[in-house]
Amino acid sequence: AVIKKGVPPTMMAGWDGRISAPEIWSIVNYLRALAAHKNVPVATTPAVDAAPRKTLQLVDYIEMPITGDAAGENTRAQLARVNFLREEPGGRRFFVNDLNGPLYVLDKQRKRFTTYLDFNGLAGRPGLFSRLTFERNLATGLINFIFDPDYARNGVFYTIHMEDPTVAAPADPKPGIVPGLGLSGYRVTPSIVSPMPPGAQITREAVMIEWTDRNIANAKFEGTARELLRMQLASPIHPLGEMTFNPTARRGSPDWRVMYVGVGDAGTGEQRDIRRLNPQRLDNLNGKILRIVPDLR
C-alpha cells in the first residue's frame with residue numbers, strides 16, 4: 001500500500017498500475033532479505049587496486065552574499081541558492097546566478113562579488129521585476145543564464161526567470177534600476193497558454209529575455225533587453241530550465257547561434273486531470289525541447 005499510494009502524501013505518482021502486485025512483492029521481499037542480512041546474491045566485487053591513488057582536497061573559496069531567510073522554510077532557509085557558474089566567452093568575467101534574484105560578476109583575483117543585474121523587485125525590493133517569484137522554493141526566481149556563442153563580438157546573453165502573473169504590478173522591468181539599461185524598445189510578449197482544468201488559476205510564468213551589453217569590459221550592464229518568450233506553467237516545479245547552443249556549430253553553419261531549450265512538464269505529468277497529457281500534446285510547450293532561432297542581426 002505504501003509503494004502504491006505514496007507515504008507521506010506527495011505529488012509524485014505511486015506505482016499503482018505500472019508494476020504488478022507480484023513484482024511489488026518481489027521488491028518488498030528483497031528489501032526484507034537485505035534487512036535480515038540474508039544471503040542475497042550480488043555482483044562480484046572488483047579487486048582493489050593497490051596502487052597509490054590521487055586525493056582531492058576541498059577548501060572554502062568564497063562565501064555567497066546572503067539573500068535567503070534563516071527563518072524561512074525549505075530552500076528559503078538557505079543563505080543563497082546558486083544555480084549556475086559560467087565564464088563568459090573569452091574568459092574576462094565570471095558570472096554566478098542566485099535563484100533569489102541577483103546575477104553576479106565574480107572577481108576571482110580579489111574574491112569579490114559585484115551585482116551585475118538584480119531580478120528581484122518583488123514587494124518593493126530594489127530589483128528589476130516586480131512579479132519575480134522566489135519565496136515558494138523549488139524552481140523559482142532567476143533560473144538560468146547563458147552566453148551567445150558570438151558574445152565576444154555582440155555582448156548578447158539570455159536569462160530565464162519565473163514570475164507570478166497574479167501580482168498586481170507591471171511585468172515590464174522597472175525603469176531606473178539599472179542606469180545603463182535602455183527600455184524604450186522593451187515589449188512584454190503574450191503569455192503562451194498551458195492547458196488547465198476549468199477554474200484553475202495560473203500562478204507561474206517563465207520569461208526568457210535576450211540582453212545586449214554594449215561594454216563587456218567592466219562589471220556593469222550597459223545596453224538593452226528584449227523579451228523573447230513568456231509561457232504559462234501549471235506549478236512551480238519543472239519549468240524552463242536548460243539553455244544551450246550546439247558547441248560544434250561555427251559561423252556560417254545553419255545551427256550557428258541557434259538555441260535549444262529544455263522545457264519541463266511543470267509538474268503536469270504528476271496530475272490526475274487534463275494537465276497530465278500536456279507533455280504529450282503538441283498544442284503547448286510543456287515537456288518539450290524548443291529550437292529557437294533568434295533574430296540574427
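Yes or no, residue by residue, for (1) under 18 Å from residue 230 (Cβ atoms); (2) in contact (Cβ under 8 Å) with a residue 12 or more places away in the chain:
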residue	(1), (2)
124	no, no
129	yes, yes
141	yes, yes
145	yes, yes
150	no, yes
155	no, yes
169	yes, yes
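Considering only residues in region 245-261 that are in contact (Cβ under 8 Å) with a residue 12 or more places away in the chain and either among the hydroxyl-bearing types (Ser, Thr, Tyr) or open to solvent by 30 Å² or more (accessible area, probe 1.4 Å) (or both), the one that is nearest to residue 292 (Cα to Cα) turns out to be 260. Within region 195-218, residues that are farther than 29 Å from residue 293 by Cβ sit with their Cβ atoms under 6 Å from residues that are in a loop (DSSP other than H, G, I, E, B) and open to solvent by 30 Å² or more (accessible area, probe 1.4 Å), at 6+ positions apart or across chains, in these pairs: 197/273; 203/166. Taking the criterion of being without any contact (Cβ under 8 Å) to a residue 60 or more places away in the chain and surrounded by fewer than 16 Cβ atoms within 10 Å (Cβ to Cβ), the only residue of region 263-275 that qualifies is 272.
Return the residues of region 70-101 that are touching a residue at least 60 places away in the same chain (Cβ under 8 Å), in a loop (DSSP other than H, G, I, E, B) and surrounded by 15 or more Cβ atoms within 10 Å (Cβ to Cβ); say none if nothing qualifies. Scanning region 70-101 gives 81, 88, 89, 93. Among the residues of region 184-194, the one identified as buried (at least 17 other Cβ atoms within 10 Å of the Cβ) and free of Cβ contacts under 8 Å to residues at least 60 places away in the same chain is 191. Any residue at all in region 246-256 that's within 26 Å of residue 163 (Cβ to Cβ) and under 21 Å from the mean Cα position of the chain (by Cα)? No: zero hits. For the residues 139, 171, the requirement of being at pLDDT 95 or above and more than 30 Å from residue 251 (Cβ to Cβ) singles out 171.
Against the numbered list (1) at pLDDT 85 or above; (2) open to solvent by less than 100 Å² (accessible area, probe 1.4 Å); (3) not small (Gly, Ala, Ser), residue 34 comes up short only at (1). The set of residues from region 243-273 being modelled with pLDDT of 90 or more and not in a loop (DSSP other than H, G, I, E, B) comprises 243, 244, 245, 259, 260, 261, 262, 263. Here is the figure for region 154-201: residues that are closer than 23 Å to residue 258 by Cα and of a type in the set (Lys, Arg) total 1.
The values are calculated or read from the model by the stated rules, or taken from the named source; none is laboratory data. No experiment lies behind these values; they were computed from the predicted model shown. Note that each Cβ is placed from the backbone with ideal geometry, even for glycine, and that neighbours are counted across all protein chains shown. Just the protein is used for accessible areas: all its heavy atoms, side chains included, with ligands, DNA and RNA removed. Shrake-Rupley method; radii C 1.70, N 1.55, O 1.52, S 1.80 Å.
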